[in-house]
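To keep things clear, I will list the structure first and then write my remarks on it.
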Amino acid sequence: MCGIVAAAARREVSEILLEGLRRLEYRGYDSAGMALLDNEGNLLLHKQLGKVSELERVQALQPHYGCTGIAHTRWATHGEPSAANAHPHISGDRLALVHNGIIENHATLRDELKAAGYDFASSTDTEVIVHLLHYYLQQGLDLLEALRQAVARLEGAYAIAAVDADHPDQVVAARQGSPLVIGVGIGENFLASDQMALRQVTDRFIYLEEGDMALISPSSLQVFDQQGEAVSREQTRIDEVVESVDLGGYDHYMLKEIYEQPRALAATFSAGAGLLSDDACFGDNAADIFDRVRNVQIVACGTSYHAGMVGRYWLEELAGIPCEVEVASEFRYRKRVQHEGTLLLTISQSGETADTLAALRNAAPGEFVGSMVIANVDNSSLVRESDLVFLTRAGAEIGVASTKAFTTQLVALLMLTIALGRRGGMEPETQRELVNALQRLPDYVQETLELDTNIEALSEAFIPKHHALFLGRGIQYPIAMEGALKLKEISYIHAEAYPAGELKHGPLALVDDDMPVIAVAPGDELLEKLKSNLEEVRSRGGELFVFADRAAGFESEPRVRVLNMPHCPEAMKPVIYTVALQLLSYHVAVQKGTDVDKPRNLAKSVTVE
């Protein structure tokens, strides 16, 4: 969601801050701003509604320069998107602050600060923090102690960075429930909500822990715990080459990332070398934990939740292990009774998803035999706090609508199924067949991508539509859910997914000649039942779009359009049908003229409730 970049250096930092914001654009935002302290100690501010390019334009017309500064991309929570509500927020003429998260007691604090004489220029919860910090500075406290006093009053989640004209070479920061990382330089130090924002200036990072505060200057950095005691946090060096995030000749990042899936899937599978004989790819103590696993509890949000639903079918059918899947925002707030021997498995592209992280942190001692995360970002909070880790190799995913991150999660889940299945009686031949199928999966996906022109032709029928219904049976039901999510995310067409067997229990009332119905129909044992469901749709005037195995016997006819999909092993079908539905959603969105990579109201990484 929102993005933070900050710098304290001996060189001018405005371009460093702007470049950091550019690298955070994938997270989703509605406005951007930057505050700098110049050589005379003046606080200089630019804030703009819209893209970072608008901030760049204003900076070019009226340049502000300084060696200390903070910058931000905002995703609206409290207060509509506007220049007034954009960050940084200021108090007096000396203090500027940026904030990710939500302050739950902001209304009470606002009333208190108004009574103390503070005027508010925005509708945000963030402005409460900057005035509260200013209040404590007015009491004669230094910048760090004033911040400690201020955050002690806050309820909710926050990552904060602030600068003060009376401390012109310092940036102070604090985090609780929202990520923040220090970038370590030579004669300069940085802060950001995501290490990606700082890869152009450093490869060394310190990940702040819950409750930490920090003070950076060009020559020093200090970290303090919630009690104000100085602490030492591990410094991590990231050696891998920064992956290119340019479009590479594609019209949109989403299309580029769809086409990167064969490589990403192969890389993710290669991370599990030796899968048939050991569990090293999941962590050093994986064997000990896996030997005690009798059940799996998957917790995730959005697209990752759909991956978990696919994983449940594999774990129960192939490995014989009971599995529950729950949306993290529900799981974290309900009373639950956990089966003995349960592994808590969280799934998150960013590794920072707020509700999923809270579910892990709220687990009672001894409730689970261990915790495991499937994530795409190393050193993220979920990765650092879980017992076992499997990192997908999707690479940077810039488009808000997840594509390659989702399909690599599916590969990781099938690999976990094999690892647990070895302990539950899965035949060696079945294990080898699954591994061989995973090795061939990039080829099946490449074959699916070659249907792009045919899928683009299908998409034209969706241009005038406002609603769509997706149907699937068995393991393809969560794939239908993912297809519906992609269509609504980027084309703004209302879409729902149902198990095909539920058609008569309500959704059939919606079917008419204006409601396209998309069916995922691989040639499995439920094929004949699905054919009957589709006849019910056609007889009521519905227009059918059937994604079917080429051996399934579906043929195009009036009001039935069939896309013949590659034939592949059953376990690989969820992946290749996902790719086809990604392409359908992409082409519909392009033809409707929506913002494919940055759909309205959505953010890539959901780091608040």
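Structural remarks
- Shape summary: segment 7-144 maps onto an equivalent ellipsoid whose semi-axes, from the alpha-carbon gyration tensor, are 24, 19, 12 Å in decreasing order.
- Between 487, 280, 302, the Cα set farthest toward the positive side of the dipole of the chain (charges on each charged residue's Cβ, about the Cα centre) is that of 487.
- Cα long-axis angle, helix 52-61 against the chain (0 to 90 degrees, to the nearest 10): 30
- Where chymotrypsin sites (Phe, Trp or Tyr not before Pro) fall in DSSP loop in segment 200-265, at most 13 other Cβ within 10 Å: none
- Maximal additional length on extending the residue 467-residue 166 stretch stands at 102.7 nm, based on 0.36 nm per residue less the C-alpha distance.
- At 0.692 mPa s and 37 °C, Stokes D of the chain from Kirkwood alpha-carbon radius, µm² per second: 129
- Degrees separating the helix 527-538 axis from the principal Cα axis of the chain, which is the longest one: 80
- Shape of segment 81-156, Cα gyration tensor, a/c cut at 1.5: rounded
- For segment 250-426: rounded, prolate or oblate by the Cα gyration tensor [a/c cutoff 1.5]: oblate
- Charge sum, other residues only, whose C-beta stays under 11 Å from residue 183's C-beta, Lys/Arg counted +1 and Asp/Glu -1: -1
- Taking the convex hull of Cα positions in segment 404-449, its mean projected area over all directions (nm²): 3.3
- For residue 560, residues with placed amide H under 5 Å, excluding near neighbours: 544
- Under 15 Å from the residue 361 label point (7 Å along Cα→beta-carbon), backbone N, segment 376-410: 380-386
- Across the chain, Cα pairs under 8 Å and at least six residues apart give a relative contact order of 12 percent.
- Computed magnitude of the charge dipole of the chain (debye, nearest 20; Cβ of K, R +1, Cβ of D, E -1): 520
- For segment 2-237, convex hull volume per residue from C-alpha positions, Å³: 107
- One quarter of the surface of the convex hull around the alpha-carbon atoms of segment 60-116 equals 5.5 nm², the direction-averaged projected area.
- For segment 1-75, GluC sites (Glu not before Pro) meeting the loop criterion (DSSP other than H, G, I, E, B) and having at most 13 other Cβ atoms within 10 Å: 40.
- Straightening the chain between residue 58 and residue 559 buys 175.1 nm, computed as 0.36 nm per residue apart minus the Cα-Cα spacing.
- Radius 15 Å from Cβ of residue 44, net charge of other residues (Lys, Arg +1; Asp, Glu -1): -4
- Kirkwood Rh (inverse of mean 1/r, distinct Cα pairs), segment 206-319, angstrom: 19.4
- Size descriptor for segment 258-334, Kirkwood hydrodynamic radius: 14.5 Å (Cα pairs only, one decimal).
- Relative contact order of segment 331-433, taken over Cα pairs closer than 8 Å and 6 or more residues apart, is 21 percent.
- Applying the criteria of a DSSP loop state and at most 12 other Cβ atoms within 10 Å to the GluC sites (Glu not before Pro) of segment 57-146 yields no site.
- Per-residue ellipticity at 222 nm from helix content only, as computed over the chain with -39500 (n - 2.57) for each DSSP H run of at least four residues, stands at -10000 deg cm²/dmol.
- Using C-alpha pairs under 8 Å with a sequence gap of at least 6, the mean separation divided by the residue count of segment 250-426 gives a relative contact order of 31 percent.
Readers should treat all values here as calculations from the given coordinates under stated rules, not as data from a laboratory. Quantities reported herein were computed from a predicted structural model and do not represent experimental measurements. Glycine also receives a Cβ, built like all others from the backbone with ideal geometry; neighbour counts cover every protein chain displayed.
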